[in-house]
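Read through the structure below, which is laid out as structure tokens, and then see the notes.
The values are calculated or read from the model by the stated rules, or taken from the named source; none is laboratory data. Please read these numbers as outputs of a predicted model, since none were measured by experiment. Cβ coordinates were reconstructed from backbone atoms using ideal geometry, including for glycine residues, and neighbour counts include every protein chain displayed. Heavy atoms of the whole protein, side chains included, go into the accessibility calculation; ligands, DNA and RNA do not. Shrake-Rupley method; radii C 1.70, N 1.55, O 1.52, S 1.80 Å.
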Amino acid sequence: MSTNHTSGAGSAVHAKKAEIFCKDEARVDWHSKALWMLREKRDRAASSIPEWEQLRELGSQLKLHTLTHLDQYLEEFEKNCLANGIQVHWAKDGIEHNQIVHKILADKQVKKLVKSKSMLTEECHLNPYLESHGIEVIDTDLGERIIQLAEQPPSHIVVPAIHMKKEEVGELFHDKLGTKAGAADPLYLTRAARAHLREKFLSADAAMTGVNMAIADKGTVVVCTNEGNADMGANLPKLQLHSMGIDKIVPDLDSAAVILRTLARNATGQPVTTYSSFYRGPQTDGEMHIIIVDNGRTDMLQDKILAESLKCIRCGGCLNTCPVYRRSGGYSYNYTIPGPIGIAVGAQNDDTNSIPWACTLCGSCSYVCPTKVPLDKIIHHHRRLKAKAGKLPYGKRSYMPLVGNFMASETMLNCSMSVARTALRILPGAMLKPFSGAWGKYRELPIAPKSSFETWFNKNRGQ
Amino acid sequence: MKIALFIPCLVNQMMPHVGIATVELLEKLGHQVILPKGQTCCGQPMTNSGCFDEAKKTTLKLLNAFKGVECDAIVCPAASCLVAAKENFHEFDTSPEAQAVIDKLYELTEFLHDVAPIKAFNKPFNHKISLQLSCHGIRMLDLATPSEQMGPRTNKVEAVLKAIPSIEIVYPGRYDECCGFGGTFAVDEGAVSAKMGKDKAQAHAETGAKYAVGFDPSCLLHLDGMMRRQKLPIETLHIAQVINAAL
Ligand code: SF4
């Protein structure tokens, strides 16, 4: 499987990568099923709460409200953090974020950093940056650690190693951690990872986590994990860092509670994550830093439709339900965040100009989303923006204007469709298949009728 | 009622039997049916691709075919095209005349459920059918509550069909997952589209139904191609054909 997910000239378009992924049909079925199980768990958890749809509406409203008063809440947050003894830093982009983190670590001569899952640090490419400066970074979330050992990026935002089978993890651990050859028992492998990580936790000089929510009126950040690794990290060394996007802010504890009720349910079907920790100040003699990152988010806010993608709470629900993601895998999207939300927030950076079209616009994601991010509308909007900017994918660039003229002309449409129907009826399918592209490659061609409906109507209901 | 038919290009050119069944069933129900001239395409293949400039001429041509036509309703036997027509008309023409056309637009199931319900069916339909709940119909037209949504559930498609004597209605696994057609998606993303179509066709076949029945001709065309390629013992039927057979 390809691990190259970076955008840039030369990276294959989504359809091409998806086609490669689809070659191993048994794996596609397994991948699709594993993710659909999460969707089913989510359905069961959501249906257990009578007010589920109200919670979604509340979640949506409160995120919209916060986004429209972002400056005010961020200022309030900073003020309260400072009062709590937290140091606050602002980064306009990924590079600045990485420099700030490095400076904090370098000042304390940190050699080893334990990190708990954060898509933002992935977005900023923090790990390679720190490693190039001689700092060892250990991802402590089990799934993250697996892909880190495999030197791969995450393929899902909540279950980052979902593309790997347990046998493959066993092989990897045998290689890197010295577990028994051929071992694939999840319990055995988890125990081995735990022992390995414990040693890292104890020897780390600093800890870093992502942020699920930042509570403005308390100057507090909320971190949700299932393994307790964030807490283990943050509580052992004296130096703790938290990276957050400006979109993570919520006004108060009540609003955080609304989101906590939907986040885990929509992600994995759990009532709540095992650990939902609130950090509101450094430990005694310790230091706590929060880095607040923009990295293109303010630009997104300028476009009313794109702005709604910042309501996202990164539950991963839209990936699990997406019929395209389940069958094309996370690495086909040319962006750190795959699936519907990945298209919504990443399409501007997609040099292949292909990911907005990696979607059937079925709308399932928009209905699954706990904060009602209108994903299908946003994706559709991205297509329009790309078209406007003259960045249609190659095929479309050449055929769309023709289709436009063709469809607007009855004579042209009628004549050529009549030719096509005749061809479909009299030529053997095998002869037509090579000419009918992707359709005929996978499907039988339509059985063509003798004449059009209009001809029938005029003849039988003669106007 | 006097009904103007909106027959999308796909039905006109490739699936005339869907149009014919629609005319016949509406007439059996006592409606007068007319076919305004000059309809080609709603512009969906273009607008769905982001190409709004290319869609304008086509969309306005279709809209003009209905402007000023005297009728009580404009009925279309294709959910996805209907949704696109509504949205595109609105996008390119904000005049009161355009709005008057938009206000009269109904998808066939929607019309038979909300506007002019069928009082009684005359004939039985002695088959098991597997319902194809296509995305745009359920998620953009509220023909049925999508599986992602919690709370009270509605299903207009089933409500219309279940009054047919001796019909048996079942659903495929993952019943409202997209079939993968997605307009130009079927061509641009051939491999994923095909895998989705194959899974959907198999899920319908696994119900043991004789027919997969739906309200969206494009999905049915896609599924039909898949079913025949996979040699599955099931065929597609449009909802209009089932209703027409039972009247
Ligand atoms: S867009 Fe919605 S469903 Fe998708 S990850 Fe974000 S919050 Fe979850």
Helices (runs of 4 or more DSSP H) (entirely within segment B:1-107) containing at least 3 residues that are in contact with a Pro (Cβ under 9 Å, 6 or more places away or on another chain), open to solvent by 10 Å² or more (accessible area, probe 1.4 Å) and over 23 Å from B:GLN241 (Cα atoms): B:52-66
Entirely in segment A:121-228, the helices (runs of 4 or more DSSP H) that have 3 or more residues that are touching a Pro at 6+ places or on another chain (Cβ under 8 Å): A:142-149
Within segment A:297-351, helices (runs of 4 or more DSSP H) holding 2 or more residues that are surrounded by fewer than 22 Cβ atoms within 10 Å (Cβ to Cβ) and within 16 Å of the ligand (Cβ to nearest atom): A:297-301, A:304-307
Long-range neighbours under 9 Å by Cβ, at least six apart or interchain, first residue within 7 Å of chain B (Cβ to nearest Cβ) and more than 11 Å from the ligand (Cβ to nearest atom) within segment A:357-381, second small (Gly, Ala, Ser) and open to solvent by 10 Å² or more (accessible area, probe 1.4 Å): A:TRP357/A:ALA15; A:ALA358/A:ALA15; A:THR360/B:GLY182; A:THR360/B:GLY183; A:LEU361/B:GLY182; A:LEU361/B:GLY183; A:CYS362/B:GLY182
Any chance B:ARG153 is assigned to a loop (DSSP other than H, G, I, E, B), among the basic types (Lys, Arg) and at pLDDT 95 or above: yes
Conditions (1) in contact (Cβ under 8 Å) with a residue 40 or more places away in the chain; (2) part of a helix (DSSP H, G or I); (3) more than 9 Å from chain B (Cβ to nearest Cβ): number failed by A:LYS33: (1)
Subset tally (residues that are within 17 Å of A:GLY317 (Cβ to Cβ) and in contact with a Gly (Cβ under 9 Å, 6 or more places away or on another chain)) for segment B:136-147: 2
Single condition A:MET288 does not satisfy, out of (1) open to solvent by less than 10 Å² (accessible area, probe 1.4 Å); (2) farther than 23 Å from A:ALA161 by Cα; (3) within 16 Å of the ligand (Cβ to nearest atom); (4) of a type outside the set (Val, Ile, Thr): (3)
Single unsatisfied condition, A:HIS289 versus (1) under 30 Å from A:ASP107 (Cα atoms); (2) not in a strand (DSSP E or B): (2)
Single unsatisfied condition, B:ALA212 versus (1) open to solvent by 10 Å² or more (accessible area, probe 1.4 Å); (2) at pLDDT 95 or above: (1)
Residue match in segment B:187-206 (condition: at pLDDT below 95, among the acidic types (Asp, Glu) and buried (at least 19 other Cβ atoms within 10 Å of the Cβ)): yes
Qualifying residue in segment B:221-237 (condition: modelled with pLDDT under 95 and closer than 22 Å to B:VAL23 by Cβ): yes
Test: residue in segment A:209-228 that is farther than 20 Å from A:GLY85 by Cα, open to solvent by 40 Å² or more (accessible area, probe 1.4 Å) and more than 21 Å from the chain's Cα centre (by Cα): no
Residue match in segment B:136-155 (condition: open to solvent by less than 10 Å² (accessible area, probe 1.4 Å), touching a residue at least 60 places away in the same chain (Cβ under 8 Å), within 12 Å of chain A (Cβ to nearest Cβ) and touching a helix residue (DSSP H, G or I) at 6+ places or on another chain (Cβ under 8 Å)): yes
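Among the listed residues A:ARG27, A:ARG42, identify the single one that is farther than 28 Å from A:ALA216 by Cα, open to solvent by less than 60 Å² (accessible area, probe 1.4 Å), of a type in the set (D, E, K, R) and touching a residue at least 12 places away in the same chain (Cβ under 8 Å).
A:ARG42
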Criterion: surrounded by 24 or more Cβ atoms within 10 Å (Cβ to Cβ), hydrophobic (A, V, I, L, M, F, W, C) and under 22 Å from the mean Cα position of the chain (by Cα) - qualifying residue of A:ALA256, A:ALA267, A:ALA234: A:ALA267
Enumeration of residues in segment B:42-82 that are farther than 22 Å from B:MET1 by Cβ and in contact (Cβ under 8 Å) with a residue 40 or more places away in the chain: B:CYS42, B:GLY43, B:GLN44, B:PRO45, B:THR47, B:ASN48, B:SER49, B:SER80
Entirely in segment B:188-247, the helices (runs of 4 or more DSSP H) that have 1 or more residues that are more than 14 Å from chain A (Cβ to nearest Cβ): B:190-206, B:239-245
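In segment B:126-148, how many residues are of a type in the set (S, T, N, Q), assigned to a loop (DSSP other than H, G, I, E, B) and either in contact with a Lys or Arg (Cβ under 9 Å, 6 or more places away or on another chain) or farther than 26 Å from A:ARG44 by Cβ (or both)?
Initial filter on segment B:126-148 (of a type in the set (S, T, N, Q)): B:126, B:130, B:132, B:134, B:145, B:147.
Then keep just the ones that are assigned to a loop (DSSP other than H, G, I, E, B); that gives B:126, B:134, B:145, B:147.
This time we only want the ones that are either in contact with a Lys or Arg (Cβ under 9 Å, 6 or more places away or on another chain) or farther than 26 Å from A:ARG44 by Cβ (or both), so: B:126, B:145, B:147.
Total satisfying the criteria: 3.
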Flag for A:GLY440 being at pLDDT 65 or above, facing chain B (nearest Cβ under 10 Å) and touching a Lys or Arg at 6+ places or on another chain (Cβ under 6 Å): yes
Selection from segment B:147-181 of residues that are closer than 21 Å to B:THR236 by Cβ and hydroxyl-bearing (Ser, Thr, Tyr): B:SER166, B:TYR171, B:TYR175
Within segment A:130-159, considering residues that are touching an Asp or Glu at 6+ places or on another chain (Cβ under 9 Å) and among the polar types (S, T, N, Q), the one least open to solvent (accessible area, probe 1.4 Å): A:THR140
